[in-house]
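Single-structure report; data block below.
None of the figures in this text is laboratory data; all of them are computed from the coordinates on show. If you're wondering where the values come from, they're calculated on a predicted model, not measured in any experiment. Here the Cβ positions follow ideal geometry from the backbone for every residue, glycine too, while neighbour counts run over all protein chains shown.
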Amino acid sequence: MVSGMGKVLLKNMVFYGYHGVAEQEKILGGRFEVDLELKFDMKKAMRTGHLEDTINYEEVYRIVHDVVTNSRYYLLEKLAGKILKSIFRNFPVDFARVAVRKPNAPLKGVLDYVQIELESTREEFQQFF
C-alpha cells in the first residue's frame, strides 16, 4: 500500500535581498539562495492528477521570492523563519525544511557561503508562533 506521503523540493532558488548586519549589506544588498523541502500527503493528487490537489510549486516560489525581496532582516534565522511561517500559512504541508545561503558573506576570511537551516512540523511551528 502506498502511504501517499511525499515531498516537493525547490533547490537553489536565487534572489537579491537586503539582509544582514553590516551597513554595506543594508545599502548594496546581495545574493541569497534558498532550498525548500515540503512534505505532505499526495494521495488525492495521485488519484486525480489535478493541480488544485497538490502544492503548486510556482506559487511556493512566488511566496519565497516575496519574503526574500520585500523585507529586510538582520539575521538569516529571521529570514528563514519568515519563509517557514509563509509556507505553513499558505499551504497544507505537514513538514517543511528551509535552507538560506548567503554567498560571499562579509567576513574577514574566505568561504563559499554561510547557511542557516530550519525545519519544523506544522504542529511544532504552531506552538512556536
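Filter segment 117-129 down to the residues that are assigned to a strand (DSSP E or B) and surrounded by fewer than 17 Cβ atoms within 10 Å (Cβ to Cβ) and list them by number.
First pass over segment 117-129, keeping only residues assigned to a strand (DSSP E or B): 117-121.
Once the filter is applied, which keeps residues that are assigned to a strand (DSSP E or B) and surrounded by fewer than 17 Cβ atoms within 10 Å (Cβ to Cβ), segment 117-129 yields E117, E119, T121.
Any chance segment 101-116 includes a residue that's over 28 Å from G30 (Cβ atoms) and either over 17 Å from the mean Cα position of the chain (by Cα) or surrounded by 18 or more Cβ atoms within 10 Å (Cβ to Cβ) (or both)?
No, every residue in segment 101-116 fails to be over 28 Å from G30 (Cβ atoms) and either over 17 Å from the mean Cα position of the chain (by Cα) or surrounded by 18 or more Cβ atoms within 10 Å (Cβ to Cβ) (or both).
Report yes if some residue within segment 38-48 is within 11 Å of the chain's Cα centre (by Cα) and closer than 20 Å to H19 by Cα; otherwise report no. Lay out the reasoning, then the answer.
Let us first name the residues in segment 38-48 that are within 11 Å of the chain's Cα centre (by Cα), namely 38.
Checking which are closer than 20 Å to H19 by Cα leaves us with none.
No, every residue in segment 38-48 fails to be within 11 Å of the chain's Cα centre (by Cα) and closer than 20 Å to H19 by Cα.
What number goes with the only condition from (1) touching a Ser or Thr at 6+ places or on another chain (Cβ under 7 Å); (2) without any contact (Cβ under 8 Å) to a residue 40 or more places away in the chain that G17 does not pass?
(2)
Is segment 36-44 home to any residue that is touching a residue at least 60 places away in the same chain (Cβ under 8 Å), in contact with a strand residue (DSSP E or B) (Cβ under 6 Å, 6 or more places away or on another chain) and either aromatic (F, W, Y) or under 23 Å from E119 (Cβ atoms) (or both)?
yes
Working only within segment 75-98, note down all residues that are buried (at least 16 other Cβ atoms within 10 Å of the Cβ), in contact (Cβ under 8 Å) with a residue 40 or more places away in the chain, in contact with a Leu (Cβ under 8 Å, 6 or more places away or on another chain) and not basic (K, R).
I83, L84, I87, F91, V93, F95, A96, V98
Can you tell me how many residues within segment 16-38 are buried (at least 16 other Cβ atoms within 10 Å of the Cβ) and among the hydrophobic types (A, V, I, L, M, F, W, C)?
Looking only at that region, the number is 4.
Taking only segment 89-112 into account, find how many residues are under 21 Å from V60 (Cβ atoms) and either part of a loop (DSSP other than H, G, I, E, B) or polar (S, T, N, Q) (or both).
Total meeting the criteria: 5.
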